Amino acid sequence: MVKVAILGFGVVGSGVAEVLTGNGAGISKKADDLIELKYILDVRDIPDSPFAGCFVKDFAVIEADPEINVVVETIGGVGAALDFTERALKAGKSVVSSNKELVATHGRRLLELAAQNNAVYLFEASVGGGIPILRPLSECMAANDILEICGILNGTANYIFTRMVQDGIPFEQALKGAQANGYAEQNPAADVEGMDTCRKLCILSSIAFGWHLLPEQVPTTGITKITLADEAYAAASGRRIKLLGRAIAREDGSVCPYVEPHFVSLQDPLGGVEDVFNAIKVKGDAVGDVMFYGRGAGKLPTASAVVADVIAAARQLTRAGYHPWQENRPEKVLPADQLESAWYVRLAEGTLSTGEKLTIAGGEPGESGWITQPMTRGQLDALLADRKVLSVIRVLD
């Protein structure tokens, strides 16, 4: 019998408990063993919960119980979650996590700790919610050298863009709608400033390239300055604005990672991704482009990914664990400013001597939108010197 402890009983933790118990017979069959929920760690008293008999408040109870094989960490952050994860792995218990911040910042050390203690550390749900992406990237695409990762990794940002376009409302109003619908926290900084996307990109890149890329090495620009005028110019050019996380590999083994809003063609599969959906495009040297699409968040989609990892850990599939990442390689990280691309530019007045002019109905007097020729950010800044620039957004090639 495999006994499980869940750390945290928030949205994801409660979803994991529901899936584990509601689908228990099928889950146990797939795991080739009976899986049973024994503990739920939470500081709150929740006497009316159907799982009331499972609650404990002291992690030491879980840590010391030899019956616990798998610990599910859904606390979030890098405080108690890091402490409990390290202690569980040192006790020889496998850990399954949905905690993108913890994996992005401490994943290398935790993978090594798991290997040292004959356990596995799995975190499929940390990227893409219920979308299977990490294990396919690690295993199914193992024969490929990964050339590029490019994806819509944050459903909140994508929902905001969808509402701006479809409802014609400004960013601030679309954000309030996202909060009202439970897609954004009351403090939405991680979503709208791009840090959530950055952390997920770091996890994807670390698996794809084999060494630990850290969040502080990824230049990150959020979406708070995107206006309805920018969306209108995007539409006029046959594009949509999307917040993308990209990591581009070079032949010398270096990687150019960054997070920015982009103009994305509607002919590109990423351009048509709407609402809270995520989409991740991975390019391998042998297979070419592979696309992963689905709901990137939510209680049950995320719980489904967590429970799939529980099944893998319960079956003692050590091959299902990720190879420990090599240490960080700062010399292999290239600045995004060196990457050539076309750019969308919105000027308060004046014109550009090069590029395609865009036209929209009802624009402000004197304003104009442009798509430049491919160039680096430094070349663009030189082109725009002494001009009144309202917006600059990279165009996805």
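The values are calculated or read from the model by the stated rules, or taken from the named source; none is laboratory data. None of these values were measured; they are calculated from a predicted model. Every residue, glycine as well, gets a Cβ built from its backbone with ideal geometry; the counts of neighbours run over all protein chains shown. The protein model used for the area step is the full one, side chains on, heavy atoms only, and it has no ligands, DNA or RNA in it. Shrake-Rupley method; radii C 1.70, N 1.55, O 1.52, S 1.80 Å.
Numerical summary
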item: Candidates Leu358, Leu352, Leu334, Leu347, filtered to the one that is under 24 Å from Cys256 (Cα atoms), of a type outside the set (Phe, Trp, Tyr) and open to solvent by less than 70 Å² (accessible area, probe 1.4 Å); result: Leu334
item: Only listed residue being out of contact with any strand residue (DSSP E or B) (no Cβ under 6 Å at 6 or more places or on another chain) and modelled with pLDDT of 95 or more, chosen from Glu172, Glu148, Glu185; result: Glu172
item: Filter pass, Glu274 being farther than 16 Å from Thr197 by Cα, outside any helix (DSSP H, G or I) and within 19 Å of the chain's Cα centre (by Cα); result: yes
item: Subset of the stretch 244-260 that is open to solvent by 10 Å² or more (accessible area, probe 1.4 Å) and touching a residue at least 12 places away in the same chain (Cβ under 8 Å) - its residue that is nearest to Thr162 (Cα to Cα); result: Glu260
item: Residue that is most open to solvent (accessible area, probe 1.4 Å), among those in the stretch 66-79 that are under 26 Å from Ala190 (Cβ atoms) and either touching a strand residue (DSSP E or B) at 6+ places or on another chain (Cβ under 7 Å) or touching a residue at least 12 places away in the same chain (Cβ under 8 Å) (or both); result: Ile75
item: Qualifying residue in the stretch 81-102 (condition: modelled with pLDDT of 95 or more, assigned to a helix (DSSP H, G or I), closer than 29 Å to Lys283 by Cβ and open to solvent by 50 Å² or more (accessible area, probe 1.4 Å)); result: yes
item: Qualifying residue in the stretch 227-246 (condition: at pLDDT 95 or above, β-branched (Val, Ile, Thr), over 15 Å from the mean Cα position of the chain (by Cα) and not in a strand (DSSP E or B)); result: yes
item: Filter pass, Ile62 being open to solvent by less than 60 Å² (accessible area, probe 1.4 Å) and at pLDDT 95 or above; result: yes
item: Extreme residue, most open to solvent (accessible area, probe 1.4 Å), among residues of the stretch 188-208 that are closer than 30 Å to Asp285 by Cα and out of contact with any strand residue (DSSP E or B) (no Cβ under 6 Å at 6 or more places or on another chain); result: Met195
